[in-house]
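Some notes on the structure that comes next.
The values are calculated or read from the model by the stated rules, or taken from the named source; none is laboratory data. Please read these numbers as outputs of a predicted model, since none were measured by experiment. Using ideal geometry, Cβ is built from the backbone for each residue, glycine included, and neighbour counts are taken over all protein chains shown. Side chains are part of the model used for accessible areas, which takes the heavy atoms of the whole protein and leaves out ligands, DNA and RNA. Shrake-Rupley method; radii C 1.70, N 1.55, O 1.52, S 1.80 Å.
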Amino acid sequence: MNPHEHVAGFGTVDGELRVGGMPLSRLAARVGSTPFFAYDRALLDQRVDRLRSVLPAGVELSFAMKANPMPAIVQHLARRLDRIDIASGLELHTALDTTISADKVSFAGPGKTPAEIRRAVAAGILVEIESTTEFRRVLAAGDELGLTPNVAVRVNPDFAVKGSGMRMGGGPQQFGIDAEQVPAVLREYATAGANVLGFHVFAGSQNLNAAIIAEAQRRTVDLVSGLAEHLPSPLRYINLGGGFGIPYVEKDQALDLAAVAANLHELVDGPIAERMPEASPVIELGRYLVGECGIYVTRVLDRKVSRGKTFLVVDGGMHHQLAASGNFGQAIRRNYPVAVGNRAELASVEVVTVVGCLCTPLDLLANDVELPRADIDDLIVIFQAGAYGLTASPTAFLGHPAPAEVLV
Ligand SMILES: *Cc1c(COP(=O)(O)O)cnc(C)c1O
């Protein structure tokens, strides 16, 4: 996808990028300072509606909160989705503030502390067990509180998925219990005082290849239907993971959601209905729900030419939007889509390099990109900033103030 498509996704008004129905410069005035993150409510809703319209009706949609834990976003999505997946005590707190009931909140991640586990058991949420140590801690918390914890076993699958930006299953992993160990773990712990509702398999993240995602889901259903025979009661929870990617750089092609959905229809009507009739399949998404709905807005502080190369120095940078600088796990740095937000309809006339205000060459936001002419005080927008932005960035680095975040 190219930057023009990203501008088109938000739309324009009065020659400016439109965010939350407002021209960007007016939104900037409303926010009162730059830089800031803005998330567009209507685009969030469109995303959810599109997913709902193609996925099988029985599939539950879960929001992996770590992609964007801003409470307003979580509240908004909670009214439209079925579940929330959390990975820390703070996220637990944010999830329980929503209208989603505790039994629809799941807690994944290695290294849950005993204190977090105790809070989760007291809340009545679903704890996803990642090791036998965790199983014992959950059972101990249940004993102590006089409650029967709800758990699922997170399984490290015996297959790996190619094409993921981040692989989180297959081979040796800190995540989950290896598939081949699960039967023995269930023999030892499944009747020891917890309700074991099912399994979670998360193979990887940021995948743009529908065929690979579909294959991972088929193999997950296969794996889980075998493991379900080791449960003392019928399988009720099967979390198929997600991994749906979004296009970040120009060479990326958007995911063929219809193809992923068609495969899910086959699985739901076929093996899931036949072999696990009481299970509700869950698809758990982070960036696919929120990533494209958000922008990072910065203001040009300086424009300078060094030996023939034009630099726009903006008041934001990698301390807020690390991923755009290429330092969030990317093997090769490529430009995220950018635009001059208050001149979004003008044609590109020059090649510039956008850098942040940090005193390090790593703080590069866009290298040699074509843009309309931008001057001091113009607004430079970085797209695809709705997921893994502010909370995935080193905000304390260089000690600049935190940016605002708005849902409009
Ligand atoms: C991070 C994470 C997700 C979300 O990944 P995205 O790429 O943002 O969709 C989903 N499930 C689990 C278990 C995760 O750790």
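If you take every residue apart from Val351 with its C-beta less than 13 Å away from the C-beta of Val351, what net charge results, scoring Lys and Arg +1 and Asp and Glu -1?
My count for the surroundings of Val351 gives -1.
With the dipole of the chain worked out from charges on the C-beta (+1 for Lys and Arg, -1 for Asp and Glu) around the Cα centre, which of Val340, Asn68, Leu44 lies farthest toward the positive end?
So the residue furthest toward the plus end is Val340.
Using Cα springs under 10 Å in a Gaussian network model of the chain, which residue among Arg287, Arg275, Arg154 shows the largest mean-square fluctuation?
Arg275
Using each residue's phi in region 329-345, evaluate 6.51 cos²θ - 1.76 cosθ + 1.60 at θ = phi - 60° and report the 3J(HN,Hα) Karplus result to the nearest Hz, with x for Gly and Pro.
x, 6, 6, 10, 6, 10, 6, 6, x, 10, 8, 8, x, 8, 9, 5, 8
Just from the alpha-carbon atoms, what are the Rg and Dmax of the chain in angstroms?
Expressed in Å, the Cα Rg and Dmax of the chain come to 22.5, 71.
For region 124-220, report the convex hull volume of the alpha-carbon atoms normalised per residue, in Å³, without decimals.
Taking only Cα atoms, region 124-220 has a hull volume of 97 Å³ per residue.
Mind checking which aspartates and glutamates have their C-alpha under 17 Å from Lys66, skipping anything on the same chain fewer than 8 residues away?
Asp82, Asp85, Glu91, Asp97, Glu116, Glu128, Glu284, Glu292, Glu405
With contacts defined as alpha carbon pairs under 8 Å and 6 or more residues apart, what's the relative contact order of region 69-285 in percent?
15
Probe radius 1.4 Å, ligands and nucleic acids left out: which of His4, His93 has the largest accessible area, and how do the rest follow?
His4, His93
Would you mind counting up the charge near Ser131? Only other residues with Cβ under 15 Å from its Cβ, with Lys and Arg at +1 and Asp and Glu at -1.
-3
Springs between alpha-carbon pairs under 10 angstrom, Gaussian network model over the chain: which of Ala259, Ala216, Ala87 fluctuates most?
Between Ala259, Ala216, Ala87, it is Ala259 that shows the largest mean-square fluctuation.
Using only the alpha carbon atoms of region 69-285, find the Kirkwood hydrodynamic radius as the inverse mean reciprocal pair distance, in angstroms to one decimal.
In region 69-285 this quantity evaluates to 17.7 Å.
Identify all aspartates and glutamates with a Cα-Cα distance to Lys162 below 12 Å; exclude those on the same chain that are fewer than 8 residues away in sequence.
Straight-distance partners of Lys162: Glu215.
Relative contact order of the chain: what whole-number percent is it, with Cα pairs under 8 angstrom and at least 6 residues apart?
Reported relative contact order: 20 percent.
Name the residues whose placed amide hydrogens come within less than 5 Å of the amide hydrogen of Gly241, ignoring near sequence neighbours (fewer than 5 apart) on the same chain.
For Gly241, the qualifying residues are Val201, Glu284.
Which loop chymotrypsin sites (Phe, Trp or Tyr not before Pro) in region 258-360, with loop taken from DSSP, have no more than 11 other Cβ atoms within 10 angstrom of their Cβ?
The qualifying sites: there are none.
I want the local charge near Thr113. Using Cβ-Cβ distances under 12 Å, sum +1 for each Lys or Arg and -1 for each Asp or Glu among the other residues.
+2
Where the centre of each part is set by its Cα atoms, how far does region 66-118 sit from region 368-398, in angstrom?
Region 66-118 and region 368-398 have Cα centres separated by 28 Å.
Please find, in a Gaussian network model of the chain (springs between Cα atoms separated by less than 10 Å), the residue of Leu257, Leu398, Leu24 whose mean-square fluctuation is greatest.
Leu398
What value in Å³ per residue do you get for the convex hull of the alpha-carbon atoms in region 330-408?
130
Which one, Asn195, Thr99, Thr220, is farthest towards the positive end of the dipole of region 69-285 when Lys and Arg carry +1 and Asp and Glu -1 on their Cβ?
Thr99
Just how far, in whole angstrom, is region 154-208 from region 238-277 if you go by their alpha carbon centroids?
Between the Cα centre of region 238-277 and that of region 154-208, the gap is 18 Å.
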